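All remarks here apply to the structure that follows.
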Amino acid sequence: MAKASKRPRADVTAMAPSDPVEAAPKRSRGAQPPPPLPQQQGEAANAPVRDRREVMADVARRRAAHFANYAADEDEGAGELKGKEARTLGPWSSARQLVEARSAAVAARQEKILDASRVSPGKAAVSWTPRRDPKLGSRPICRVRPLFELCADVLVEYIEDVESLLGLPDSIKNRLSAAVCQQRKLSNEVVRLFSEGGPAEIVLTNCAALEPDAMATVLKDVATPRLERLELTFCGRGLTESTAAALAAAGPLDRLQVLALRGAYRLTDAALCSILRNASNLQVLRLPQNSLLTEGSIKQLPSLVPLLRELDLSECRGVSGAALQSTLTGAMPCLESVMLTGIPEVSNALLAEMALGLPLRHISVARCGGVSDEGLRGLAAACPHLLTLRADACTKITDAGIVALAESCKELQVLSLHGCTKVSDEAVAAVALHGSLTSLNVNSIPGIGLSTIKALATATRDRLEELDISSCRNVPTEALGMLADSCVALKKLHIFCCSQITEQFLYGHSNDNLEVVGGKLGVTAPVSARIVLSS
């Protein structure tokens, strides 16, 4: 039996001109279909019972015709329906309109904050006159060095001939050890000068030359009940699992509050846990660049050191995201400072959970590529009393995240956005207008310009101490001069790769306590220690 050929749609329409579906007039999307006529109701009552599929198909056909044919002029304002009118379009359409309205409100609020920080076209030019004649050159150094510094220089020069430092306060020993480490004179023999006598504090800023035997001797000498502070930097060569056992075997260290082991690349989870079991009152734990640490030790921190207030796990790439989430999401109620620099597992979700579960005041997520505006919004909403934020090289951060900080974190004192190229001048200026910043780093942000400098000069004149605008070539020399004259507390200014800076600013500002680091070597070459030029 031959199949019936399909007829074109035009023929079907022509054969049934009286079909109520096809002959229905055009209606708007929000209008209801007209009720059936009495004649049609009678016909429907006498009609035979049809299959359920046919009934549903007929209903779908009538509804499709109703929503497909509408007058454009009547539906012109449908996109502006609100409240109960919006819900007549269905749950999905209503939810979508509510989300769009919320997004529009957030965008309007952010734009209002940015408008407040923009420089009006009439005030774009900066009028600044040097208060000091630039032709005078660098400021002369007339400071007489203290007697302590002169004596310290002699001790450092002949440190290998010193027999003992017993009787000196720990604070003076720490200053001498810093000078010795800077000169790289901390040997296996010299280190005993700082560990003998069981000091309460020992700070060694460069232990790269210490052998494991010498490190074990140092730890045995300092592991006494009076030890309060132990800081060892670049100690990976000497601090092994066996030498750490010498510190663990010394017994309870109830007075130990600060433990810093930087660069201990041979320190294992077991060795760290054995040390922390004896230091239950520890408040500061810094473990940056410890590559062997994993979740085995990090998950035990809440039980080993429940009073911890500061934790530094920078560049500990062996720590998993699950370990960070279980440790930093409410298990340590006293934790106020968390440094997670260079850990790729840090995400927006983890940052938001940390902000909700911890009383954070200081945080670093520098070089954490997963952090974006979403994470900053969650952090700002949960931590309005945040004081320090370091988000260097977080390239996903834009104005939306910075404006959220400006809106909520009005006590922010330290902000570092080095390399966040998507941040604009107005967003940073909005943060500066709160007047609480003491340190700002906007290195390598090309959009930084006059708005930020004016906001700093106006709102932070008594608080700003350090500013880094390296590679920000849109900042005019006159603006920097105004900033240096206005911010009397400013002590250090970084201007590397700022070719627009001239000697008019370098030698013409009136801030005698300002140290300018970086500059244009071809223009100025001052001999003063207050200006350090580099190519």
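The values are calculated or read from the model by the stated rules, or taken from the named source; none is laboratory data. Since we're looking at a predicted model, the values are computed, not measured. Note that we place each Cβ from the backbone using ideal geometry, even for glycine, and neighbour counts take in every protein chain shown.
Among the residues making up the range 373-400, those that are among the acidic types (Asp, Glu) and either crowded, with 22+ Cβ neighbours inside 10 Å or part of a helix (DSSP H, G or I) (or both) are Asp373, Glu374, Asp399.
Please find, within the range 245-269, the residue that is nearest to Glu310 (Cα to Cα) out of those that are touching a Lys or Arg at 6+ places or on another chain (Cβ under 9 Å) and crowded, with 23+ Cβ neighbours inside 10 Å. Result: Leu259.
Taking the range 69-160 and the helices (runs of 4 or more DSSP H) fully enclosed by it, the elements with 2 or more residues that are modelled with pLDDT of 65 or more are at 91-117, 147-157. Of the residues making up the range 348-380, those that are within 23 Å of Pro302 (Cα to Cα) and touching a helix residue (DSSP H, G or I) at 6+ places or on another chain (Cβ under 7 Å) are Asn348, Leu350, Leu351, Ala352, Glu353, Ala355, Leu356, Leu360, Val365, Leu379. Within the range 450-497, the residues that satisfy the criterion of being of a type in the set (S, T, N, Q) and closer than 14 Å to Val517 by Cα are Ser470, Ser471. Among the residues of the range 258-278, is there at least one that is farther than 26 Å from Gln182 by Cβ and in contact with a Pro (Cβ under 8 Å, 6 or more places away or on another chain)? Checked against the condition, which is being farther than 26 Å from Gln182 by Cβ and in contact with a Pro (Cβ under 8 Å, 6 or more places away or on another chain), the range 258-278 yields at least one hit.
So that you can scan it fast, the table gives a plain yes or no per residue for (1) closer than 16 Å to Ala406 by Cβ; (2) under 20 Å from the mean Cα position of the chain (by Cα):
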| site | (1), (2) |
| --- | --- |
| Pro446 | no, yes |
| Lys454 | yes, no |
| Ala457 | no, no |
| Asp462 | no, no |
| Glu478 | no, no |
| Met482 | no, no |
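The set of residues from the range 170-206 being of a type in the set (Val, Ile, Thr) and buried (at least 18 other Cβ atoms within 10 Å of the Cβ) comprises Val180, Val190, Val191, Ile202, Val203. Only residues that are touching a residue at least 60 places away in the same chain (Cβ under 8 Å), under 14 Å from Val126 (Cβ atoms) and in contact with a helix residue (DSSP H, G or I) (Cβ under 6 Å, 6 or more places away or on another chain): list them for the range 460-504, please. Residues satisfying the conditions are Ala479, Gly481, Met482, Gln504. Quick test of your reading of the structure: Thr398 fulfils all but one of (1) more than 10 Å from the chain's Cα centre (by Cα); (2) closer than 22 Å to Thr460 by Cβ. Name the failing condition by number. Only one criterion in (1) more than 10 Å from the chain's Cα centre (by Cα); (2) closer than 22 Å to Thr460 by Cβ is unmet by Thr398, namely (2).
Checked against (1) assigned to a loop (DSSP other than H, G, I, E, B); (2) buried (at least 19 other Cβ atoms within 10 Å of the Cβ); (3) of a type in the set (Gly, Ala, Ser), Ala404 meets all criteria but (1).
Restricted to the range 225-244, and to residues there that are closer than 22 Å to Glu315 by Cβ and hydrophobic (A, V, I, L, M, F, W, C), the residue that is modelled with the lowest pLDDT is Ala244.
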